[in-house]
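The values are calculated or read from the model by the stated rules, or taken from the named source; none is laboratory data. Since the structure is predicted, the reported quantities are computational estimates derived from the model, not experimental observations. Note that each Cβ is placed from the backbone with ideal geometry, even for glycine, and that neighbours are counted across all protein chains shown. The accessibility values were calculated without ligands, DNA or RNA, using every heavy atom of the protein model including side chains. Shrake-Rupley method; radii C 1.70, N 1.55, O 1.52, S 1.80 Å.
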Amino acid sequence: MSEKYIPKSKLAQWFDSRLPLLSLSHHLKEYPTPKNLNYWWTFGGILTFCLITQIVTGIILGMHYVAHTDHAFASIEHIMRDVNYGWLMRYVHANGASMFFLAVYIHIFRGLFYGSYKAPREIIWILGVIIYLLMMATAFMGYVLPWGQMSFWGATVITNLFSAIPFVGESITTWLWGGYSVDNPTLTRFYALHYLLPFLIFGLIILHIWALHVPGNNNPVGIDVKKNSNETMPFHPYMVMKDITALVVFIIIFLWFVFFAPNVLGHPDNYIEANPLVTPSHIVPEWYLLPFYAILRAIPSKLGGVIFMFAAIFVLILLPWLDTSKVRSSVFRPIYRKFFWVLVGTVILLGYLGAKPPEGIYLILSRIGTAYYFIHFLVLLPLLGRYEKTDPLPMSISDPVLNKPGLMDKFKKVAAQYEGENVGSFK
Amino acid sequence: MSKELKPKRRDFLFTTTYTIGAVGLAAAIWPLVDQMNPDSSVKALSTTEVDVSNVEVGKTITVLWRGKPIFIRRRTKEEIEEAAAVDLKDLKDPEKDSDRAKNPEWLVMVGVCTHLGCVPLDNKGEYKAWFCPCHGSHYDTSGRIRKGPAPTNLEIPKYEFVDSNTIKIG
Amino acid sequence: MLVLLNRVILTISLCIISYSSFAEEINTNYLKTKWSFSGIFGTFDRASLQRGYQVYQEVCAGCHSVQHLSYRNLSEKGGPEFTVEEAKAIAAQFEVEDGPNADGEMFMRPARLSDKFAKPYPNVQASIAANGGAYPPDMSVLAKARAGGADYLYSLLLGYEEAPAGFELDDGVYYNKYMAGNKIKMSAPLSDGIIDYSDGTQSTTEQMAKDITTFLVWASEPHLESQHRMGFKVIIYLIVLLTLVYMSKQKVWSRFGSKNEDKEEAFDKVEKVVTEYEGEDPKTFK
C-alpha cells in the first residue's frame with residue numbers, strides 16, 4: 001500500500017477511515033500484476049471459485065443431509081430424488097471436489113515449473129501446502145458422509161493407519177473413532193469437521209493472498225518486475241477479465257461432468273450402503289488421493305508406509321530450501337525442465353498404480369515411482385541448483401520482445417529520420 | 001490513445017456481456033433458493049384421510065394435517081341452528097355457516113387462531129364453542145370470530161367425504 | 001506455450017482414461033443393445049419403463065426391494081408416467097405399516113402414492129435368512145452401483161449358461177458369464193413367457209431383460225432427462241458467454257496491448273538518446 005487512497009464521497013471517507021475496506025478494494029483493483037502472466041496464472045482465481053462453490057452447495061446439502069448411520073445413505077437419496085434441484089446440488093458438490101483438486105494440482109505444478117516457491121515467496125508456498133493438506137482432510141471426511149461401502153472402508157483403512165504409531169497408536173485410533181471401529185460417532189464428528197475445515201481453508205487463503213501481495217506475483221520469465229512501471233498492469237480490469245475467461249472455460253468442463261457424466265470420477269461401490277461385514281474387493285480413495293495411496297502401499301511396513309506418505313507432503317514444505325538454483329523459472333533451466341516432466345509423469349503413474357492391487361508389476365512400479373519422487377526433491381534439486389548450466393536471463397520481462405529481430409533496426413531508422421542522419425552510423 | 005476507438009461499439013460488447021452474464025447468474029442462483037421450498041416428499045403428504053365413524057354427536061376430535069391441528073366436530077342440532085341464525089352483519093368476517101360446513105353436521109376447521117397462531121380451546125368462551133387463551137379471541141359454533149383480536153374466521157381446509165365414515169383433508 | 005498446453009491436455013486425458021479402470025478383472029465384454037436413454041439426447045422409453053415395472057413387480061419384488069422409490073414416482077414426469085389413478089391403484093395393491101393408532105398399536109394399511117415401495121422383507125437379516133445366506137440387493141441405485149451399469153445388468157440377466165466342464169458349483173449357486181467369479185446365488189430369473197405383458201408385447205427373455213434394465217436405470221436416476229435437458233441449455237449458454245467474455249477481454253487488453261506498449265517504450269528510449277545526443281533537454285526538447 002503506497003499512496004493513501006482517498007475515497008470520493010464524504011460518507012465513504014468517514015467509513016474508510018474507520019474500516020479501510022474501500023482502501024483495500026482500491027489496492028486489490030490497482031494491484032500491479034506482471035503483464036506477461038500466462039493462463040497458468042488464472043488458477044488462483046479458479047480455486048477461489050471452487051471453494052465458494054463447495055461451501056455454498058455444501059451448506060445447502062447440509063440442510064437436507066442426516067448425519068446418522070441409519071439415515072445418511074437414505075437422506076442422500078432423498079436429496080437426489082425429492083429435494084428441488086437436489087440432484088444438481090449433490091452432483092455439483094461431488095464433482096466440484098474433483099475439479100477443486102484438478103485445479104490445485106495445476107496450480108501447484110505451475111509453481112514447481114516457474115519457481116514460484118523460491119525466495120521471497122517461501123511463506124506463500126508453505127501456506128499453500130497447508131491449504132492442500134486441509135483440502136485432503138476435508139475431502140477425505142466428506143467422502144465418508146454418504147456412508148457407502150467406499151466411505152466406510154476407506155475411513156477404516158485410513159484411520160487404522162494411526163495405529164501404526166508406536167505406543168500411542170491404538171489410543172489415538174480409538175480416540176479418532178470414538179469407539180472400537182468406524183461407526184456412528186465417527187460419522188457425526190467427520191460431519192462437524194468437514195463443515196468446519198473449509199472455513200479454516202478460507203482464512204488461510206486470505207493469508208496466502210496477503211503474503212503474495214507483499215512481493216507481488218511471479219511471472220513466466222521468473223525475473224522481478226519493476227512495480228509501478230509499464231512492466232505491470234493494474235489487476236482490474238486486465239487480470240479480472242483474463243481470470244473470468246479462464247473461469248468460464250473451467251466451468252464448461254466442470255458442468256459437462258455434472259450434467260452428462262456425474263459418476264465417472266466416482267466409484268460404483270459407494271452406491272452400496274456401508275456393510276461392516278463385507279469388504280469390497282478393492283478399496284480405493286477418490287482419484288485425487290491415489291498418488292499418496294500408491295506411496296503408502298509401496299512401502300512394505302505399515303509404519304513405514306505412513307511415514308513415507310506424510311513425508312511426500314512434508315518434502316514439499318522444504319522445497320524452497322532444497323532447490324538451490326539461483327534461476328527461478330524453468331524457461332531458463334533446460335535440464336531441470338526435463339526432470340519436471342518426469343516428476344509429472346511419475347505422479348500420474350503413481351495415481352494410476354494407486355487404483356491397482358499392490359502386487360506384481362504394479363508394486364514394483366510403485367516403488368520405483370516413490371523412489372523417484374523423493375530422489376527428485378531430496379537429491380536432484382539440490383544438485384541441479386549447483387551444477388545446472390542455465391540459459392542466460394533477459395534483462396527485463398520486456399526484453400524478450402524487444403529482442404525480436406528487426407525491431408531495434410526499425411527504431412534506429414525512425415530516430416535517424418528525426419535527426420536527418422545516416423541510419424548506419426548516427427553521424 | 002486507444003480511447004478514441006468508437007465508444008459505442010466497445011460499450012455494446014461490454015453491455016451485452018454483462019447482461020448475458022447476469023442472466024446466467026440469476027439462473028444459477030434460482031436452484032439455490034428453490035431447494036429450500038417444500039420438496040416432493042413433503043408435497044406428497046399434503047392430504048390425509050380420517051376415520052370419523054367413532055365420533056359421537058357433540059364431540060370434537062383433533063387430527064394432524066400438514067403439521068397443524070384440524071378440529072373435526074360432529075355438531076348437535078342446537079349448535080347447527082345457532083350457527084345458521086347468526087346475522088352476517090354481526091360478524092367481523094361475514095360468512096354463512098352453510099358455506100363453511102357443506103354437511104352441517106360436520107365442522108372441519110384448521111385449529112389455528114387467525115391472530116397469532118395459538119391452538120384455541122374447545123368448549124370455552126362466551127359463544128360456548130372455541131376460545132383462544134393467548135389473547136382472548138372467541139369463536140362461535142361455526143368457528144367464526146366473534147370477539148377478540150383475531151381478524152378472520154378459523155380456516156376451512158379443502159376436504160371431502162370419500163365415504164360416510166371417512167373424510168379426506170387436503 | 002502451445003507445446004506446453006498440448007502436453008497438459010494429453011496429461012489430463014491420460015489421467016481420465018486410466019483412472020476409469022476401477023473395475024475388477026471380470027468379463028466386460030457386455031452384450032450390446034440400443035438403449036433409448038444413452039447419449040446426451042437420450043430419453044426413457046415410457047412403454048419400456050411401464051413394462052419394466054411389471055417385470056419388477058411380478059419377477060423381482062419377491063426378493064428385491066427398491067426402498068428409496070415412492071409409488072408417486074410412477075406417475076411423475078420423466079418416469080414410466082402412469083396416470084395418477086393408475087399409480088394409486090398400483091400402490092393400493094400393497095400394504096405398509098402405519099401407526100401407532102389411538103390404542104398405541106402399529107397396523108397395516110393399503111399403500112398410498114406418498115408411501116415408499118413396500119419391501120419384501122422387514123430388514124437385511126430377514127432377507128439373507130430367506131435367501132440361503134445371500135442378500136438380494138436393494139435395487140434403488142443398482143444401475144449406479146455396478147461398473148458397466150445398464151450393459152452389465154442386461155448381460156447378467158442374459159448371461160446364465162451351463163458351467164464349463166470341471167467348474168465346481170455348490171447347491172444354490174449358478175454359473176453366470178458376467179458375474180464376478182462367475183458364481184451367482186440368484187437362479188436365472190427370466191425365461192420366455194414367464195409373465196404376460198399387459199401391453200401385449202411378446203415377453204421374450206431379451207425383451208424382459210431390456211425392460212427391467214431400463215426400469216432400474218430410471219430408478220437409479222429418475223431425473224436423467226431433466227439433467228440432460230438442463231445440461232444442454234447450460235453448455236450452449238456457456239459457450240455463448242465464453243465468446244462474449246473472451247471478446248471483451250481482448251477489447252480490454254487492446255488498451256494496454258503489450259506490443260503497442262513495447263513499441264512505445266522502445267521509441268521513448270531511442271527518442272531520449274537522440275535528443276540527449278543533440279544536446280537538448282529530453283523533457284522539453286529545448
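Compute for chains B and C the buried accessible surface, both sides summed, probe 1.4 Å, and express it in Å² to the nearest 100.
On the way: alone 11110 and 19070 Å², together 28760 Å².
Separately minus together, B and C give about 1400 Å² buried.
So, with a 1.4 angstrom probe, what is the percent of accessible area on the stretch B:76-170 that is carbon and sulfur?
Values: 2580 of 4920 Å².
Exposed carbon and sulfur together represent 52 percent of the surface.
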FRET E, pair C:Asp199, C:Lys34, Förster distance 25 Å, beta-carbon r, rounded to 0.05 = 0.80
Summed for both chains, how many Å² of accessible area, to the nearest 100, are buried between A and C with a 1.4 Å probe?
-> 6000
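List the pairs from C:Lys34/C:Lys77; A:Lys118/A:Lys302; A:Lys10/A:Lys226; A:Lys302/A:Lys389; C:Lys185/C:Lys210 whose alpha-carbon separation is above 32 Å, in the order I gave them.
As for pairs spanning more than 32 Å Cα to Cα, those are A:Lys118/A:Lys302; A:Lys10/A:Lys226; A:Lys302/A:Lys389.
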Positive-end residue of B:Ser40, B:Phe12, B:Val63, charge dipole of the stretch B:1-148 with Cβ unit charges = B:Phe12
Given backbone amide H placed at 1.01 Å from N, residues whose amide H is under 5 Å from that of C:Ser70, ignoring those fewer than 5 places away on the same chain, are C:Phe117
Karplus-derived 3J(HN,Hα) from phi for the stretch B:25-36 (6.51 cos²θ - 1.76 cosθ + 1.60, θ = phi - 60°), whole Hz, x at Gly and Pro, runs 4, 4, 5, 6, 6, 3, x, 5, 7, 5, 5, 7
For the peptides A:136-149, C:178-191, what is the packing order when you average, over each peptide's residues, the other Cβ atoms within 10 Å and list the highest mean first?
-> A:136-149, C:178-191
Considering the options C:Ser70, A:Gly45, C:Phe215, tell which one lies farthest towards the positive end of the dipole of the protein assembly as shown, charges being +1 on Lys and Arg and -1 on Asp and Glu at the Cβ, about the Cα centre.
-> A:Gly45
Send over a whole-number figure in Å² for the accessible area per residue of the protein assembly as shown, probe 1.4 Å.
-> 51
Under a cut-off of 19 Å between alpha-carbon atoms, report the lysines in cross-link reach of A:Lys413, not counting same-chain residues fewer than 8 places apart.
-> A:Lys404, A:Lys427, C:Lys259, C:Lys263, C:Lys269, C:Lys272
Point-charge dipole on Cβ atoms (K/R +1, D/E -1) for the stretch C:25-151, about Cα centre, debye to 20 | 500
Given labels modelled 7 Å from the Cα in the Cβ direction, how far is it in nm from B:Glu155 to A:Met395?
-> 8.1
Can you give the calculated 222 nm mean residue ellipticity of chain A, where each DSSP H run of n ≥ 4 adds -39,500 (n - 2.57) and the sum is split over every residue, rounded to the nearest 500 deg cm²/dmol?
-> -20500 deg cm²/dmol
Go through A:21-33, B:125-137, A:92-104, A:166-178 and give me the packing order, highest mean Cβ count within 10 Å leading.
-> A:92-104, B:125-137, A:21-33, A:166-178
Full-stretch length increase - B:Lys96, B:Lys147 - with 0.36 nm per residue and alpha-carbon distance subtracted = 16.6 nm
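As a check on your grasp of the helix formula, calculate [θ] at 222 nm for chain B: sum -39500 (n - 2.57) over DSSP H runs of n ≥ 4, divide by the residue count, round to the nearest 500.
Numbers: 4 runs with 46 residues, N = 170.
The helix contribution divided over chain B gives -8500 deg cm²/dmol.
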Note: C:142-148 gets an average of partner chain Cβ contacts (10 Å, Cβ to Cβ) equal to 4
Karplus couplings for the stretch A:285-293 from phi (6.51 cos²θ - 1.76 cosθ + 1.60, θ = phi - 60°), rounded to Hz, Gly and Pro as x?
-> x, 5, 3, 6, 9, 4, x, 5, 4
Can you list the residues, at least 5 places off or on another chain, whose amide H is less than 5 Å from the amide H of C:Lys183, using H built in the peptide plane?
-> C:Asn176
Sorted by chain and then number, the residues having a modelled amide H within less than 5 Å of the amide H of B:Trp65, at least 5 places away or on another chain, are B:Ile70
Take the solvent-accessible surface of the protein heavy atoms, probe 1.4 Å, and return the percent of it on the stretch A:1-48 that carbon and sulfur atoms account for.
-> 67
Lys and Arg at +1, Asp and Glu at -1: neighbours of C:Met108 with Cβ under 14 Å from its Cβ sum to -2
Kindly tabulate the residues in the stretch A:350-393 with an accessible-area decrease of at least 30 Å² between the chain alone and the assembly of all protein chains, using a probe of 1.4 Å.
-> A:Tyr352, A:Ala355, A:Lys356
Computed for chain A: size of charge dipole around the Cα centre, +1 on C-beta of each Lys and Arg, -1 on C-beta of each Asp and Glu, debye to nearest 20, value 1440
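Using only alpha-carbon positions, what ratio does the radius of gyration of the protein assembly as shown give when scaled by 2.2 N^0.38 Å? Walk me through the intermediate numbers first.
Working: Rg = 35.6 Å, N = 883, 2.2 N^0.38 = 29.0 Å.
Here the Cα radius of gyration is 1.23 times the empirical estimate.
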Can you pull the mean other chain C-beta count within 10 Å for peptide A:227-233?
-> 2
